[in-house]
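See structure below.
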Amino acid sequence: MDLTSQRKPKRKVLYIAKKGARVRKKRKIRDANGMGERTDTVDRISELPEPIIHHILSFLRCPKDVTRTSVLSKKWRSIWASLLTFDFDQKSFKAQGGVLADFTRFVESSLLTRIAPLVCIQKFRLHMESFDSKIAHHIDSWLCAATAKNVKELEIYVEVKKRRRYTLPRVLLSAETLTSLKLYGCKLDNYNDIKLPNLLQLSIKNACINVDIIQSFISSCPWIEDLRLIHCYGLDLLQISTLTKLDRLEVHECQGLKWVEIEVPNLQTFWYCGNNCKSCNIKLKCCKSLKSLTLKDTTMTDELFHDQISNCPVLEKLVLKECNALERITILSQKLKKLALIRCKKVSEVVVDAPNLHSFQYTGKRLVLFSMKTPELQEAKLYFESMAKGTSKQPGGSKNLRWLQLEEFLGKFNRSKKLKLVGRHDKHMLVSEELRDIRLFQVNDLKLEVISSSSNLEDILDGLLRTTHPETLSVVSPSNCEFLKLLHEKLINREENPSCCRYYSRKCWRHYLKDVQVGNKLG
């Protein structure tokens, strides 16, 4: 086995840095006898501006890799010391054999070495997989040190085990320079001390919160643009009306939440994912700027949905996921560009009048009736997952009415757009450039995609073969089309031992292809 194939791609950043420190370039010089060449060693990466090198180092997730760059040269030693991003990930450290005590010593040693000469810190990230209350005072000192250096972005992840949670120090909730705060598994006790006047992004995940905590953040952080509450519990009411700069709001599976009322004129993205079978009233008031709406609500009825959608006149993207109470969806929109319906179990009919719709996706276990006026539709993805028995054929061998309606729907695509239909089932794939008079596989687990031929043909083919390693590939197309020529070139003229995936353990489709045969099927 080639051991290099198991090497992680992120390590390549460090390899490139080392290689760059030894780059040679040729300089031509004139001597008495004419032109000559001299090769000088030039460290090109070290010549880059320091902020760019800082950005390169930020892609190294393991702290030890960042530390190792200090041996490249004296300049790199000073660059590492002046790096404004502190990223301490116990998971990466543990993967290399380190224990909690070693990780603690490493963090304290790094801070002692680097933090003193700095005036400010751009980002401080701490990821703890095994929290122990005995080291809580160490974490307090690390966060206080970052706060004292005017940290701007702070991310704290503490894995919760046996209900032991880390309580944030008070000084953290009054850090006036903070613009981004992301918390996971932390305990918020001192919410009366919150004072974050410059906070723009707030994310709280897997934490116990209540109305008082949220209202304290809202009143003390008036400039929040991005607010996310994920897998939180203890909150039954969420009301937001004073965050005038709020641009994005996400609420994901917050246990016990019963009422959400949003009245923010500048809100552009709202994402709500509720708990299964738990009812939550959602009211979007005066959200006239909303452009992206994602709803996962198992109890939302047709009437409630239509009330919500009528209050979003400039909506461009709509995603409905597992809205199992919906039966008939009607959408009339001049602005809508993307529409996705994912596993809405009871939906039987979809009526859409959207002249600017470009992309449509449907995923479900049943064929539904599509009635769509979408002249600009350029992409459609239809995934039928294990459809119920009896939907394939009617008695007597005639086609099921829904299959005929589906084929008719595909035939309505604008032929001037030069679209392709891709059908996938099991290990079989169909690629057709003719969307009219198409004959579909009447089978379960069918995936259909209508894609634009204006895209790069090679990228389309690579994408299709990468996700599915087909045993048979059928192409319906004129014999002189570019797609057939490319397909022939890629498959017939392929290498016996491809070298494209030499450094990766997961191989692309070229390594799985066994045989290719070309023939004509008539009739």
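Figures for the structure shown
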item	result
Positive minus negative residues near Asn192 (Lys, Arg vs Asp, Glu; Cβ under 15 Å)	0
Extension reserve of the Glu385-Lys91 stretch, reckoned as 0.36 nm per residue once the Cα distance is removed	102.2 nm
Around Cys344: net Lys/Arg minus Asp/Glu count, Cβ-Cβ under 12 Å	+3
Residue-level accessible surface for Asp193, protein heavy atoms, 1.4 Å, Å²	60
Residue-level accessible surface for Trp142, protein heavy atoms, 1.4 Å, Å²	10
Shape category assigned to segment 121-214 from the gyration tensor of Cα positions, a/c cut at 1.5	oblate
Given Lys346/Lys420; Lys420/Lys485; Lys278/Lys321; Lys134/Lys161; Lys420/Lys447; Lys335/Lys373, the pairs whose alpha carbons are separated by over 18 Å	Lys346/Lys420
Which of Val475, Val319 is most accessible, then next, and so on - probe 1.4 Å	Val475, Val319
Backbone HN-Hα couplings from phi across segment 104-119 [Karplus 6.51/-1.76/1.60, Hz, Gly and Pro as x]	4, 5, 5, 4, 5, 5, 5, 5, 5, 6, 9, 7, 4, x, 7, 8
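The values are calculated or read from the model by the stated rules, or taken from the named source; none is laboratory data. Quantities reported herein were computed from a predicted structural model and do not represent experimental measurements. Don't worry about glycine lacking a Cβ; one is built from the backbone with ideal geometry, like all the others, and counts go over all protein chains shown. Surface accessibility is based on the protein's heavy atoms, side chains included, excluding ligands, DNA and RNA. Shrake-Rupley method; radii C 1.70, N 1.55, O 1.52, S 1.80 Å.
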